[in-house]
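Written below as structure tokens is the structure these notes are about.
The values are calculated or read from the model by the stated rules, or taken from the named source; none is laboratory data. This structure is a prediction, so every number in the text was calculated from the model and none was measured. Cβ placement follows ideal geometry from the backbone for every residue including glycine, while neighbour counts extend to all protein chains displayed.
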Amino acid sequence: MAYNPTAHFIKPRLVYGYFHKDQLVYIGSSSITVEELEVNHRECMTRFPADKDNMSRFRIALTSTDLADGYFRVLKTWDCTLPQIEELEGKAIRALRPKYNKDMYPVQSSIENKRY
């Protein structure tokens, strides 16, 4: 992902969870609706073919039969900046330790990857 010029704009954002067999297995954040992000995740192999080699474990599992029958749910909505929502996302990840989250510190990763 490249630099995001709107990262420090206050706008509606959300933290979401993916549940499989009623167990929280992944936490993420976004500024798009949960319906839009579900399509992006479930159809990532066809929508983003150039990224196939960099797909997360979660997206790979989601596009296989392993997690296909789960569901996305909004956990928190907030009018905030990208660093703020990623801080909240990171706190939830560190507290709940979902199976498919590898990155425990999304803010630090965004800084290192020059996303803002």
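Give me a count of the residues in the range 61-73 that are assigned to a helix (DSSP H, G or I) and more than 15 Å from Tyr16 (Cβ to Cβ). Please lay out each step first, then the result.
Start the filter on the range 61-73 by keeping residues that are assigned to a helix (DSSP H, G or I), which leaves 61-63.
Then keep just the ones that are more than 15 Å from Tyr16 (Cβ to Cβ); that gives 61, 63.
Total meeting the criteria: 2.
Need pairs with beta-carbon distance below 9 Å; first residue closer than 17 Å to Leu88 by Cα and within the range 22-36, second assigned to a helix (DSSP H, G or I) and among the charged types (D, E, K, R); sequence gap 6+ or separate chains.
Every condition considered, the pairs that remain are Ile27/Glu89; Gly28/Glu89; Ser29/Glu86; Ser29/Glu89; Ser30/Glu36.
So if I check each of Ala2, Ala50, which one is assigned to a loop (DSSP other than H, G, I, E, B) and either out of contact with any helix residue (DSSP H, G or I) (no Cβ under 7 Å at 6 or more places or on another chain) or under 19 Å from Glu89 (Cβ atoms) (or both)?
Details: Ala50 fails: assigned to a loop (DSSP other than H, G, I, E, B).
Exactly one of Ala2, Ala50 is assigned to a loop (DSSP other than H, G, I, E, B) and either out of contact with any helix residue (DSSP H, G or I) (no Cβ under 7 Å at 6 or more places or on another chain) or under 19 Å from Glu89 (Cβ atoms) (or both), namely Ala2.
Return only the number of the condition from (1) out of contact with any strand residue (DSSP E or B) (no Cβ under 9 Å at 6 or more places or on another chain); (2) modelled with pLDDT under 95 that Asp66 does not satisfy.
Among (1) out of contact with any strand residue (DSSP E or B) (no Cβ under 9 Å at 6 or more places or on another chain); (2) modelled with pLDDT under 95, Asp66 violates only (1).
State the number of residues belonging to the range 38-68 that are under 15 Å from Val25 (Cα atoms) and of a type in the set (Phe, Trp, Tyr).
1
Which ones in the range 28-63 are of a type in the set (A, V, I, L, M, F, W, C), closer than 22 Å to Phe9 by Cα and buried (at least 16 other Cβ atoms within 10 Å of the Cβ)?
The first filter runs over the range 28-63 and keeps only residues of a type in the set (A, V, I, L, M, F, W, C), leaving 32, 34, 37, 39, 44-45, 48, 50, 55, 58, 60-62.
Now restrict to residues that are closer than 22 Å to Phe9 by Cα: 32, 34, 37.
Passing the criteria: Val34, Leu37.
The rows are residues; the columns are (1) farther than 25 Å from Gln108 by Cα; (2) part of a loop (DSSP other than H, G, I, E, B); (3) modelled with pLDDT of 95 or more; (4) touching a Pro at 6+ places or on another chain (Cβ under 8 Å).
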site	(1), (2), (3), (4)
Leu14	no, no, yes, no
Phe19	yes, no, yes, no
Ser29	no, no, yes, yes
Asn40	no, no, no, no
Arg59	no, no, no, no
Leu75	no, no, yes, no
Ile85	no, no, yes, no
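What number of residues within the range 89-107 satisfy the criterion of being touching a residue at least 24 places away in the same chain (Cβ under 8 Å) and either of a type in the set (Ser, Thr, Tyr) or not in a helix (DSSP H, G or I) (or both)?
Taking the range 89-107 first, the residues touching a residue at least 24 places away in the same chain (Cβ under 8 Å) are 89, 92-93, 96, 98-102, 106-107.
Applying the additional criterion that residues be either of a type in the set (Ser, Thr, Tyr) or not in a helix (DSSP H, G or I) (or both) yields 98-102.
Going through the range 89-107 one residue at a time, the tally reaches 5.
Assuming Ala68 fulfils every condition listed in (1) out of contact with any Phe, Trp or Tyr (no Cβ under 6 Å at 6 or more places or on another chain); (2) in contact (Cβ under 8 Å) with a residue 40 or more places away in the chain apart from one, which condition is it?
(2) is the only condition that Ala68 fails.
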